[in-house]
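A.B. asks: Here's a structure for you.
Just so it is clear, none of the values below were taken in a lab; they were calculated from the coordinates. The structure displayed is predicted, hence computed values, not measured ones. Every residue, glycine as well, gets a Cβ built from its backbone with ideal geometry; the counts of neighbours run over all protein chains shown.
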Amino acid sequence: MKSQFPHIYICLFIACHSISVAFGQNNAPQGDTLKRQNLDEVIIISNTSLSDKTTKPLSNLEKYLESTDAVNMIQRGSYASEPYINGMATERSVITIDGMRIYSACTDKMDPVTSYVEITNLEKADLHHGQSGSTGGATIAGSLDLVRKKSSFGEKQFKGLLFGGLESNNLQKIGGFGLSQSSKRFYTDFDFTFRDAENYKAGKGILIPYSQYTKFNTSANIGVKITEHKQIESSFIYDHAINIGYPALPMDVAYAKAFIGSVEYLQHHISENLLMWRTKVYYNTIAHAMDDSKRPNVPIRMDMPGKSSTGGFYSLLEGVFDDHSWKLNLSGHHNNSLAEMTMFSNIVGQKDMYMLTWPGVYTNYVDLYAEDIIPINFNWEAIANAGVALQLNEIYDSLGFQSLQIFYNDLERNKLRLLPRLSVNFKYTQNPWNFVAGIAYGERAPSVSEGYGYYLFNSFDRYDYIGNPEMKNEKSVSANSSLNYKSLHFNAKLSTSYFYMSNYIIGMPVSYLSAMTIGASGVRIYEQLSYAHLYNANLSLVYRYNSNLKWSGKVLYRRGIGANNINLPLIQPLSYHSEIIYTLSSFSANAGISGATKQSNYNPTFGEQPLPAYTVFNSSVSKSFNWDKSSIILKVGVENVLDKYYTTFADWNRIPRMGRSFFVNVICNF
């Protein structure tokens, strides 16, 4: 059955008083067009090559993201952690790769979007809080765009990168290369990364079985300059992981594969007021298969494959008018999500059981977004943005539709939702001070699992979950503020945010249904709390004693409370990090501590338990060797120096973190 995507004509005007933490950046697209962006945080991963400026350059992407104030990584194993932005799960955020929407294919969140890229092919991650800069679509928590590294047009040159690494704890082997070639009218990039890890050991040498994985990732870009101000680019990513263990879950993953491709047209210097036009069409397909065949003791064996494919586009205009810098983006995509489960009977002659856990759902989405940066005077400026989206969900599989009709007799195959959002940001700058404050409003639709999931087992609270397509949009009003002081030797930044969410989506237990999964405690159906509060606060400090010695530290706190005074699950307690870095010419050394106070605000009905406080020590040293235009970077270090046995709020089923691990990274740029 084909999806019928309606013709949608949207008239959008900006009339908003909302705001979120933002710092204006001056970025240039390919070519030399200048543009101003309203960014909350830019996580630099690699400008042109890997460097020794991070504790462990060949770490996975999750480590880079986790170093920010706003992102936590929920771990179900040592691979593919789920990013929580501002303390909220991925359903409440929009995560894109180069602006492309990608839907995961796993009902258990074993394949977040962040798992399909590598640090070797990423330049930066653009992080927006709440509604600020939300060109990617409707969101509550914020958005994260993973921007891939690419060459530029210019003088003819060839660059290369070779790298390798080894970690002692899980015997992880890392290797790969990157090549790029550019000229005045052509550039191309190609890279390959391989990772292979065995089971890791927690503190005190305790082996954590089913924590192994193997993966490779390859990426390529090809750019052609048509005229001086017009260019076209084609790119693709192929990521393939196999034999992935998830010790916090009852099942592992046989394979996870992604193909992500796009073609982009870019034109700049179009007129005096129209600076840039960027249009991209893309397609991606994700295949994922949960598997328990390597688990020795399972009550009944299951296979759970999932598939997701998304085709979409966006067309972005940027320009200036008088003192205004504006942006207008039209985007849309079509997604097809399907997940199955087969239970194989242990009794000879008895039939196996088959059902659709995602009942074949089309998601059709179109979005219009506008932004304007408005100077008020020499010190003040406002950043206003607004967006509106239409989302149409359709259950196309008859078996899946009939299964959900058991619970919702009047269920219709189609569900159309209107999703507005708006915000305004006021920023004051007077050296050495910078201040931002404001409010925002946004809505989101239930995810595929929340709206249409069918007996999805959650191993944390041990309940089967059933979706609810009749839920209303979840809504959020948020307020943010940031105060930043920057001088030659000392930097300080205090940031806070508050989210008030109505129609808050959460699974609630029901007594009139029986569990499907053997050993499950019962059934939860997604329902909506009348409201929920979420607070975030962090303080970051940097002190430069001299050009060689620097200290940095930060403290973070989150608090989530729902209606009836319930604690929201998976909320970070008071956490801290402190680090000293010493550099001298081509040598550098660092030592740091990270930790958290005990977690006392937890929710046992969702499987959480109290956690003791912990502190972990890390250290590393590096040396670079340079000649001509080439360099070799050698970095060695040790994580969890004292071999601490600990677990954090972000560890699914309280699985312990890795114990002491020595690592060595070697990076050659030429």
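A.B. asks: May I ask you to compute the full-extension gain from S487 to S271, defined as 0.36 nm times their residue separation minus their alpha-carbon distance, rounded to one decimal in nm?
C.D. replies: Here the segment from S487 to S271 would lengthen by 73.8 nm.
A.B. asks: For region 508-549, what's the relative contact order in percent, using C-alpha pairs closer than 8 Å and at least 6 residues apart?
C.D. replies: Dividing the mean separation by the residue count of region 508-549 yields 30 percent.
A.B. asks: Mind checking the dipole of region 428-533: about its Cα centre, +1 per Lys or Arg Cβ, -1 per Asp or Glu Cβ, Debye to the nearest 20?
C.D. replies: Value, rounded to 20: 440 debye.
A.B. asks: With a ≥ b ≥ c the root eigenvalues of the C-alpha gyration tensor of region 73-152, is it rounded (a/c under 1.5), prolate (a/b larger than b/c) or oblate?
C.D. replies: oblate
A.B. asks: A further question follows. Before rounding to the nearest 500, sum -39500 (n - 2.57) across all DSSP H runs of length at least 4 in the chain and divide by the residue total; then give [θ] at 222 nm in deg cm²/dmol.
C.D. replies: -500 deg cm²/dmol
A.B. asks: Now a separate question. List, in order, the whole-Hz ³J(HN,Hα) value for each residue of region 195-210 obtained from phi through the Karplus relation with A = 6.51, B = -1.76, C = 1.60 and θ = phi - 60°; use x for Gly and Pro.
C.D. replies: Each residue of region 195-210 in turn: 9, 9, 9, 9, 4, 9, 10, 6, x, 6, x, 7, 6, 10, x, 6 Hz.
A.B. asks: Can I get the semi-axes of region 315-438's equivalent ellipsoid? Compute them from the C-alpha gyration tensor as square roots of 5 times the eigenvalues, in angstrom, largest first.
C.D. replies: 50, 17, 13
A.B. asks: For region 161-168, what does the Karplus curve 6.51 cos²θ - 1.76 cosθ + 1.60, with θ = phi - 60°, yield as ³J(HN,Hα) per residue in whole Hz, taken in order and with x for Gly and Pro?
C.D. replies: These are the phi-based 3J(HN,Hα) values: 9, 10, 8, x, x, 8, 10, 6 Hz.
A.B. asks: Would you kindly give the portion of the calculated P(r) for region 364-430 that falls above 20 Å, as a percent of all Cα pairs?
C.D. replies: Counting every Cα pair in region 364-430, those more than 20 Å apart make up 56 percent.
A.B. asks: Between N377 and N243, what FRET efficiency comes out of the Förster formula 1/(1 + (r/R0)^6) with R0 = 56 Å and r the beta carbon distance, rounded to 0.05?
C.D. replies: So, using R0 = 56 Å, E works out to roughly 0.40.
A.B. asks: With labels modelled as points extended 7 Å from the Cα through the Cβ direction, what inter-label distance (nm, one decimal) is found for E412 paired with Y576?
C.D. replies: Output for this residue pair reads 5.6 nm.
A.B. asks: If you average the alpha carbon positions of region 316-368 and of region 116-159, how far apart do those two centres end up, in angstrom?
C.D. replies: Taking the Cα centre of each part, region 316-368 and region 116-159 sit 21 Å apart.
A.B. asks: Give me the dipole magnitude in Debye, nearest 20, for the chain about the Cα centre, with unit charges on the beta carbon: positive for Lys and Arg, negative for Asp and Glu.
C.D. replies: 1280 debye
A.B. asks: What per residue convex hull volume, in Å³, do the alpha-carbon atoms of region 432-508 yield?
C.D. replies: Value for region 432-508: 129 Å³ per residue.
A.B. asks: I've got another one for you. Restricted to Cα positions, what overall size does region 129-170 have along the principal axes? Three whole-Å values, descending.
C.D. replies: 44, 40, 12
A.B. asks: Below 8 Å, C-alpha to C-alpha, sequence gap of six or more: please give me the relative contact order for region 418-486 in percent.
C.D. replies: Averaging sequence separation for qualifying contacts and normalising by length gives 38 percent for region 418-486.
A.B. asks: List the residues whose amide H sits under 5 Å from the amide H of G522, counting only those 5 or more places along or on another chain, with H placed 1.01 Å from N in the peptide plane.
C.D. replies: Long-range HN contacts for G522: D464.
A.B. asks: So in the chain, what percent of DSSP beta bridges are antiparallel if you round to the nearest 5?
C.D. replies: For the chain, the DSSP antiparallel bridge percentage is about 95.
A.B. asks: Write out the GluC sites (Glu not before Pro) in region 233-342 meeting two conditions: DSSP loop, and at most 14 other Cβ atoms within 10 Å of their Cβ.
C.D. replies: E272
A.B. asks: Where does region 114-241 land on Rg(C-alpha)/(2.2 N^0.38 Å)?
C.D. replies: My calculation over the Cα atoms of region 114-241 gives 1.36.
A.B. asks: Whole-Hz Karplus ³J(HN,Hα) for region 222-232, in order, using 6.51 cos²θ - 1.76 cosθ + 1.60 and θ = phi - 60°, x for Gly and Pro?
C.D. replies: Taking θ as phi minus 60°, the curve returns 9, x, 10, 8, 7, 9, 4, 10, 9, 8, 9 Hz for region 222-232.
A.B. asks: Moving on to the next point. First obtain the Kirkwood hydrodynamic radius of region 517-670 from its Cα pairs, then insert it into the Stokes-Einstein equation at 25 °C and 0.890 mPa s, and state the resulting D in µm² per second as a whole number.
C.D. replies: It comes out at roughly 129 µm²/s.
A.B. asks: Report the Cα centroid-to-centroid distance between region 616-670 and region 235-296 in angstrom, as an integer.
C.D. replies: 27 Å
A.B. asks: In what order do W277, W652 fall by count of nearby beta-carbon atoms within 10 Å, going from fewest to most?
C.D. replies: Sorted ascending by nearby Cβ count, the order is W277, W652.
A.B. asks: Still on this structure, please answer the following. Take the Cα atoms of region 455-588, find their three principal axes, and give me the spread along each one in whole Å, biggest first.
C.D. replies: 67, 34, 23
A.B. asks: Can you tell me the length gained on complete extension of the stretch S168 to T214, counting 0.36 nm per residue apart and subtracting the Cα distance?
C.D. replies: Here the answer is 14.9 nm.
A.B. asks: Can you give me the three principal axis dimensions of the chain from its C-alpha atoms, in Å, biggest first?
C.D. replies: 72, 61, 48
A.B. asks: Going by how many other beta carbons lie within 10 Å of each one, how would you line up I260, I300, fewest first?
C.D. replies: Going from sparsest to densest Cβ surroundings: I300, I260.
A.B. asks: List every residue whose amide H lies under 5 Å from the amide H of I95, counting only residues 5 or more places away in sequence or on a different chain, with H placed 1.01 Å from N in the peptide plane.
C.D. replies: L144
A.B. asks: Using only alpha carbon pairs under 8 Å that are at least six residues apart, calculate the relative contact order of region 321-467 and give it in whole percent.
C.D. replies: 20 percent.
A.B. asks: Further question on the same structure: Please name which of S219, A241, P656 has its Cα lying farthest along the dipole of the chain towards the positive end, using unit charges on Cβ (Lys, Arg +1; Asp, Glu -1) and the Cα centre as origin.
C.D. replies: Result: P656, furthest along the dipole toward the positive end.
A.B. asks: Based on Cβ point charges of +1 for Lys and Arg and -1 for Asp and Glu, what charge dipole magnitude is obtained for region 567-670 about its Cα centre, in debye rounded to the nearest 20?
C.D. replies: 100 debye
A.B. asks: Counting other Cβ atoms within 10 Å of each Cβ, which GluC sites (Glu not before Pro) in region 147-224 have at most 13 and sit in a DSSP loop?
C.D. replies: Passing both the DSSP loop test and the Cβ count: E155.
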